[in-house]
Amino acid sequence: MSINVVIGVSHKTYLGYGQTRAWCQQVAEIVQPLPQTLTANLQLFTFPAMPALSVALQCFAKTPMATGAQNVCAADSGPWTGESSASMLYEMGCQYVEIGHAERRRYFGENVETINQKLDRALASGLTPVICIGEDRQMSAEQATTFAIAQVDELLAHRDKQSLPAAIFAWEPQWAIGAPQPASDDYIRHICRKLRAYLHGDYGKQLQVIYGGSAGPGLLSRLWPDVDGLFLGRFAHQPQAMAAIIAEAQQIVSAHQGNSF
């Protein structure tokens, strides 16, 4: 049985153009020599700020790192000043797109209808959506699981389950991001395990669950195999920190491959 470890990174707008280029160049040097035996079981993607998409695409063109966009227009190509269409992102070479992040919901007024429209555009254009979900206040693990499943159903229940493409759900407990006390490992594992089981049972195994939030060294190993991977933020903005996470993923893949014989 094969495994697939997912590692995603969002730059938000913390990095400037030159900083993004330097990060991409350094990370490309880290991921380019990775052996095929590892990359066959490793799914890597990064979301630079929109003006730096071309730079990222160029730097990662011959590496296992895919590039995606942090946002996408909810409508087809047309008179939408300041927006980025899904078809153009795909034409550029993007493979992923981030949809429904808590900041987009909170500060830009994105609701379920808008997020569904963006999901429609992404899927129609061949982009793999990374859909952000998560509770905005602290609650029990069971309550948070119910909340996450309800968010999933708002986006998937009306769709044809037989033809639903691959998608990634990034579960992020909003109350824990930047908090003095982050969500506990047991809390994260419980919700991600239950959410993934629900997705696989009701919608298909092409749907994955990754954890997004305060992340650091050792977290992936502690959460595995109850998550499919991590969605990283500022921790991974240092290339060597990114290298450490990839090395951790490599240990997981190697251990699995060793147990396969």
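The values are calculated or read from the model by the stated rules, or taken from the named source; none is laboratory data. Just so we're clear, the structure is a prediction, and the values are computed from it rather than from any experiment. Every residue, glycine among them, receives a Cβ derived from its backbone with ideal geometry; neighbour counts consider all protein chains shown.
Determine the pairs where a residue that is farther than 27 Å from Leu123 by Cβ and touching a residue at least 24 places away in the same chain (Cβ under 8 Å), located within the stretch 168-189, has a partner that is of a type in the set (Asp, Glu) and surrounded by fewer than 17 Cβ atoms within 10 Å (Cβ to Cβ) with Cβ atoms under 9 Å apart, the partner being 6 or more residues away or on another chain.
Trp175/Asp136
For the stretch 228-241, give me the residue count where each residue is more than 14 Å from Val130 (Cβ to Cβ) and either in contact (Cβ under 8 Å) with a residue 40 or more places away in the chain or within 16 Å of the chain's Cα centre (by Cα) (or both).
Residues that pass the stated criteria total 5.
Go through (1) surrounded by fewer than 13 Cβ atoms within 10 Å (Cβ to Cβ); (2) in a loop (DSSP other than H, G, I, E, B) for Gln162 and report which single condition fails.
Going through the list (1) surrounded by fewer than 13 Cβ atoms within 10 Å (Cβ to Cβ); (2) in a loop (DSSP other than H, G, I, E, B), Gln162 breaks only (2).
State whether the residues of the stretch 200-215 include one that is within 24 Å of Trp23 (Cα to Cα), of a type outside the set (A, V, I, L, M, F, W, C), buried (at least 18 other Cβ atoms within 10 Å of the Cβ) and touching a Leu at 6+ places or on another chain (Cβ under 8 Å).
Yes: one or more hits.
Going through the stretch 90-106 one residue at a time, which ones are under 19 Å from Ala170 (Cα atoms) and either assigned to a strand (DSSP E or B) or not basic (Lys, Arg) (or both)?
Those that are under 19 Å from Ala170 (Cα atoms) and either assigned to a strand (DSSP E or B) or not basic (Lys, Arg) (or both): Cys94, Gln95, Tyr96, Val97, Glu98, Ile99, Gly100, His101, Ala102, Glu103.
Within the stretch 125-132, does at least one residue satisfy the condition of being crowded, with 16+ Cβ neighbours inside 10 Å, of a type outside the set (A, V, I, L, M) and assigned to a loop (DSSP other than H, G, I, E, B)?
No, the stretch 125-132 contains no residue that is crowded, with 16+ Cβ neighbours inside 10 Å, of a type outside the set (A, V, I, L, M) and assigned to a loop (DSSP other than H, G, I, E, B).
Given the conditions (1) within 30 Å of Gln36 (Cα to Cα); (2) surrounded by fewer than 16 Cβ atoms within 10 Å (Cβ to Cβ), report the number of the one that Glu248 does not fulfil.
(2)
Those residues that are within 21 Å of the chain's Cα centre (by Cα) and either without any contact (Cβ under 8 Å) to a residue 12 or more places away in the chain or crowded, with 20+ Cβ neighbours inside 10 Å (or both), I need them from the stretch 134-145; list them, please.
Gly134, Glu135, Ala144, Thr145, listed by residue number.
Quick grid of which residues meet (1) modelled with pLDDT under 95; (2) assigned to a helix (DSSP H, G or I); (3) of a type in the set (Ser, Thr, Tyr):
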| position | (1), (2), (3) |
| --- | --- |
| Pro51 | no, yes, no |
| Ser54 | no, yes, yes |
| Leu57 | no, yes, no |
| Thr63 | no, no, yes |
| Val72 | no, no, no |
| Ala75 | no, no, no |
| Gly78 | no, no, no |
| Ser84 | no, no, yes |
| Met88 | no, yes, no |
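Which one of Gly109, Gly126, Gly82 is in contact with a helix residue (DSSP H, G or I) (Cβ under 7 Å, 6 or more places away or on another chain) and among the small types (Gly, Ala, Ser)?
On inspection, the qualifying residue turns out to be Gly126.
Quick one: which of Val72, Val31 is surrounded by 18 or more Cβ atoms within 10 Å (Cβ to Cβ), touching an Asp or Glu at 6+ places or on another chain (Cβ under 9 Å) and of a type in the set (Val, Ile, Thr)?
The match here is Val72.
Return the total of residues in the stretch 1-25 being touching a residue at least 40 places away in the same chain (Cβ under 8 Å) and either among the basic types (Lys, Arg) or within 16 Å of Arg234 (Cβ to Cβ) (or both).
So the answer is 9.
Tell me, which residue of the stretch 177-188 that is surrounded by fewer than 19 Cβ atoms within 10 Å (Cβ to Cβ) and not acidic (Asp, Glu) is nearest to Gly100 (Cα to Cα)?
Once the filter is applied, the top-ranked residue is Ile177.
Only one of these conditions is not met by Leu155: (1) of a type in the set (A, V, I, L, M, F, W, C); (2) surrounded by fewer than 18 Cβ atoms within 10 Å (Cβ to Cβ); (3) not in a loop (DSSP other than H, G, I, E, B). Which number is it?
Here Leu155 clears every test but (2).
Determine which member of the set Gln206, Gln257 is more than 28 Å from Ser140 (Cβ to Cβ), at pLDDT 95 or above and not aliphatic (A, V, I, L, M).
On inspection, the qualifying residue turns out to be Gln206.
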